[in-house]
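Read the structure below first, then the notes.
The values are calculated or read from the model by the stated rules, or taken from the named source; none is laboratory data. Everything numeric here is computed off the predicted structure, so don't read it as measured data. So basically every Cβ, Gly included, is an ideal-geometry build from the backbone, and we count neighbours across all protein chains shown.
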Amino acid sequence: MCVAVLFTFNWKRDSMTDLLTISLEELVSSLSSLMDHTIAPLRDHHRRTAIAAFHIADQLDLTWQQRHDLIFASAIHDIGAFSVMEQQVLHDLSFESQYINLHARAAYLLLKEFSYFDTIAEILRYHHAYLNNSTELDRTLIPYESLIMQVADHAAVLSVDSLNILDASAAIINEVNQQSGIMFVPEIVEAFNRAAEKENFWLDIKNLPLSSLFKDRLKLDNLHIKSSELMGLVNLFRRIIDFRSEVTSTHTAGVAAVSAELARFHGREEETIRKIKIAGYLHDIGKLIVPSEILEKPSKLTPQEFNIIRTHTYFTYEFLNGMTIFKDIRDWASQHHERLNGRGYPFHENDNTLPFESRAIAVADVFTALTEDRPYRKGVTGKDAMLVMDVDVQKGELDGVLVALLGAHLDQINQARVIAQDASQKEYQVFVMELTKDQF
């Protein structure tokens, strides 16, 4: 799903200007859908919020760009809520909680690193900056789209448990209006009231897919970036994946580095090496559905927790499959837990169906996992990791040629992993330092 002129990905490129065209509708729909598949309390919340925001915006005098940015931001607004605890706070509307603004700041810090999403980052930064928890100076900085999203977000949370949303609509309207002038800007509450008079407002919140919204009512713009800037988008996804937890904060950087080096030592062309590196960065995007409490658990996972972990490769596939530019690497990234003997997951591919690139990422994933620290153990040395992986080869799980290649160039490949993971760790430390500042 996200250098160059050499690439043959399924993206559109203007050969005269060397610009890549990326569908924001695909990006937003795929990311929002992935987040809404979480097992945590906010299931389906982002779609609901985006639909509510669209209807409220319809009652206000907004420019097309404001509407565009509002829906984009609303569809991914809780991307910084990493844990079940944070999501439960949002579900329970616990506005006094210390966590209520933490996820908004996390989203801002993640997205602002990709310059094309600066405006979206600012909207997300202030989407919990209410009238009663912000200063007069804060309020001069809050984008109008953030104020609309606050009301839409509130209505979406209140609607989540409704069997028949029309039955619940009066109570939701009443609760939103109780916060007019306290949490919410009155003119936006009035816009909400006008939208909420119509049954289709509520029925759309309950039922309308984002794809239908984008197709029939608000077409999102495409993103046009230089081919040299593509890695910036890939790195945005890497940070979203890895920075959810200290435990995972460097993993994809390590996998990308090792898989790229394996391809290089195997004599693959530069195009393939770059594509494999991108697939390595994106291989765990499906872990957005896994709560950080499971990722950070210091003891053995229960069978139920392990089954949650096992779903992540399926959702990596679905996410990448939803974005045209990433379909060429979809299989490589999502097959990293497949095994040559057919006993991996989720598709039970085997020696006859797994391509070189998938095998390389699987080897890189195992090597990186063994050599990095985990909550329940310290990482092993490169040589000790090879002993474990040799057994995996004997069991018919990993590719023997690639494991032997790793062993033959162990020092160089392991050094590339260490350099990549050290750089990612420094990035993460800066992220955490910025995240914990007492500000929006």
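With respect to Ser159, is the statement that it is at pLDDT 95 or above and among the small types (Gly, Ala, Ser) true? So Ser159 does not fit the description; no. Among the residues of segment 114-137, those identified as of a type in the set (Asp, Glu) and loosely packed, with under 15 Cβ neighbours inside 10 Å are Asp118, Glu136. Can you tell me which residues in segment 143-164 are touching a Ser or Thr at 6+ places or on another chain (Cβ under 8 Å) and among the acidic types (Asp, Glu)? Selection gives Asp153 alone. Phe347 meets all of the listed conditions (1) more than 18 Å from the chain's Cα centre (by Cα); (2) in a helix (DSSP H, G or I) but one, namely (2).
Looking across segment 418-434, the residues that are within 10 Å of Thr250 (Cα to Cα) and in contact with a helix residue (DSSP H, G or I) (Cβ under 6 Å, 6 or more places away or on another chain) come down to Ala420, Gln421, Ser424.
For Val418, only one of the following conditions fails: (1) at pLDDT 95 or above; (2) crowded, with 17+ Cβ neighbours inside 10 Å; (3) hydrophobic (A, V, I, L, M, F, W, C). What is its number? Among (1) at pLDDT 95 or above; (2) crowded, with 17+ Cβ neighbours inside 10 Å; (3) hydrophobic (A, V, I, L, M, F, W, C), the lone unmet condition for Val418 is (2). In segment 263-318, counting only helices (runs of 4 or more DSSP H) that sit wholly within it, the ones holding 2 or more residues that are surrounded by fewer than 19 Cβ atoms within 10 Å (Cβ to Cβ) span 270-282, 303-310.
Answer with yes or no whether Gly379 is more than 29 Å from Gly80 (Cβ to Cβ) and either of a type outside the set (Val, Ile, Thr) or modelled with pLDDT under 95 (or both).
no
Restricting attention to segment 125-137, the residues being in a helix (DSSP H, G or I) and within 13 Å of Arg105 (Cβ to Cβ) number 1.
Quick check, is Ile225 in contact with a helix residue (DSSP H, G or I) (Cβ under 6 Å, 6 or more places away or on another chain) and of a type in the set (Val, Ile, Thr)? No; evaluated as a whole, the condition is false for this residue.
Restricting Ile182, Ile148, Ile188, Ile205 to those that are under 26 Å from Asn101 (Cβ atoms), exposed (fewer than 12 other Cβ atoms within 10 Å of the Cβ) and among the hydrophobic types (A, V, I, L, M, F, W, C) reduces the list to Ile182. Of everything in segment 247-259 that is under 16 Å from the mean Cα position of the chain (by Cα) and outside any helix (DSSP H, G or I), the residue that is farthest from Ala423 (Cα to Cα) is Thr248.
Being touching an Asp or Glu at 6+ places or on another chain (Cβ under 9 Å) and of a type outside the set (D, E, K, R) narrows it down to one of Val418, Val393, so name that one.
Checking each option against the conditions leaves just Val393.
Somewhere in segment 372-381, is a residue part of a helix (DSSP H, G or I) and either surrounded by 18 or more Cβ atoms within 10 Å (Cβ to Cβ) or in contact with a Cys (Cβ under 6 Å, 6 or more places away or on another chain) (or both)? Before you say what the answer is, go through the steps one by one.
Filtering segment 372-381 for residues part of a helix (DSSP H, G or I) gives none.
Scanning segment 372-381, I find no residue that is part of a helix (DSSP H, G or I) and either surrounded by 18 or more Cβ atoms within 10 Å (Cβ to Cβ) or in contact with a Cys (Cβ under 6 Å, 6 or more places away or on another chain) (or both), so the answer is no.
Of all residues in segment 350-371, which are in a loop (DSSP other than H, G, I, E, B) and surrounded by fewer than 17 Cβ atoms within 10 Å (Cβ to Cβ)? Asn350, Asp351, Asn352, Thr353, Pro355, listed by residue number.
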